[in-house]
Amino acid sequence: MTILNGLSLVVNPGESLAILGASGCGKSTLLGLLAGLDSASAGEIELDGQRIDNLDEDQRARVRRGAVGFVFQNFQLLPALTALENVMLPLELANEPRAREEALLLLERVGLGQRDDHYPRHLSGGEQQRVAIARAFASRPRVLFADEPTGNLDPATGERVIELLFELNAEQGTTLILVTHDSHLARRCQRRLELREGTLRPLT
């Protein structure tokens, strides 16, 4: 079955882009391909100036390291690590000598400085998503992908997470690509596209 067909997309550095579409239309698949998490059966994909569709999984991981951050709908925090350790992880992988200090600053930035020693199971959904955002920005990625970042949150918590996401994004000048059902969230982006029948169409 073909999920995406004849699709062409260029995202400029520093741009914020929202991709909307019905459930099951392929939004998460598209995001996974753009981020190098999945492999396409055909076509070319370039990430941060480097073609990745012809690379194997390990090679794509090396391209992502330091260049890409990812915020998932279901948070994807490591349950055996505290909030602090989850945020420290990408910094330690990048051999950042001040990993702990940088991670603590980010947790303070997202309002969780007093929860740094808590494990994910002891955090609310909104708190877990804020930890996930801190982790995504820890390595100062040039591109941030977000997959339904407010999908598992109540409206009030989702609004706080949206504000935080765009504040950090503006501060770091990151390219932001997100998929969402949330039209309010999408309107915060500079450009909106709809994925329908395997291709992208502009939304006004």
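The values are calculated or read from the model by the stated rules, or taken from the named source; none is laboratory data. Predicted, not measured: the structure shown is a model, and the values here were computed from it. Cβ sites come from the backbone with ideal geometry, for glycine too, and all protein chains shown count toward neighbours. These accessible areas exclude ligands, DNA and RNA; they are computed on the full protein's heavy atoms, side chains included. Shrake-Rupley method; radii C 1.70, N 1.55, O 1.52, S 1.80 Å.
Here are a few things to note about the model shown:
- Within the shell defined by Cβ-Cβ distances under 9 Å, the residues around Glu148 carry a net charge of -1, with Lys and Arg each +1 and Asp and Glu each -1.
- The value for the stretch 86-176 of Rg(Cα) / (2.2 N^0.38 Å) is 1.03.
- Ordering 18-25, 153-160, 67-74, 5-12 by mean Cβ neighbour count within 10 Å, with the highest value first, yields 67-74, 18-25, 153-160, 5-12.
- Net length gained if the chain between Glu92 and Glu171 were fully extended (0.36 nm per residue, minus Cα distance): 26.2 nm
- For the stretch 1-55, the share of accessible area belonging to carbon and sulfur comes to 45 percent (1.4 Å probe, ligands and nucleic acids excluded).
- Karplus-derived 3J(HN,Hα), 6.51/-1.76/1.60, for each residue of the stretch 155-167, Hz, glycine and proline x: x, 5, 5, x, 5, 5, 5, 4, 4, 5, 4, 6, 4
- Residue by residue, the stretch 62-68 carries 3J(HN,Hα) couplings of 5, 5, 5, 4, x, 9, 10 Hz when phi is fed to the Karplus relation 6.51 cos²θ - 1.76 cosθ + 1.60 (θ = phi - 60°); x denotes Gly or Pro.
- Taking every C-alpha pair closer than 8 Å and separated by at least 6 residues, the mean separation divided by the residue count of the stretch 39-147 gives a relative contact order of 38 percent.
- Using the Cβ of Ser28 as centre and a radius below 13 Å, the other residues enclosed give a net charge of -2, where K and R count +1 and D and E count -1.
- For Gly69, the amide hydrogen comes within under 5 Å of the amide hydrogens of Val143, Leu144, Phe145, counting only partners 5 or more places away or on other chains and with H modelled in the peptide plane.
- In this structure the amide hydrogen of Leu47, modeled in the peptide plane, comes within under 5 Å of the amide hydrogens of Ile52, none closer than 5 places in sequence on its chain.
- Tail fraction, Cα-Cα pairs, the chain, threshold 23 Å, whole percent: 43
- 5 angstrom amide H check on Arg196, placed H, neighbours 5+ away: Arg201
- If both residues of a DSSP beta bridge must be in the chain, then about 30% of such bridges are antiparallel.
- Around Asp38: net Lys/Arg minus Asp/Glu count, Cβ-Cβ under 15 Å: -3
- Annotation: per residue accessible area for the chain equals 52 Å², rounded to a whole number [probe 1.4 Å, protein chains only].
- Added length on full extension, which subtracts the Cα-Cα distance from 0.36 nm per residue, Leu105 to Tyr119: 3.2 nm
- Atom-type composition of the exposed protein surface of the stretch 65-204 places 49 percent of the accessible area on carbon and sulfur (1.4 angstrom probe).
- Calculated FRET value between Ala42 and Gln76, using beta carbons and R₀ = 30 Å, to 0.05: 0.60
- In the chain, the longest principal axis of the Cα atoms and the axis of helix 83-93 are about 60 degrees apart.
- For the stretch 10-18, 3J(HN,Hα) per residue [Karplus equation, 6.51 cos²θ - 1.76 cosθ + 1.60, θ = phi - 60°, Hz, x = Gly/Pro]: 10, 10, 7, x, x, 7, 10, 10, 10
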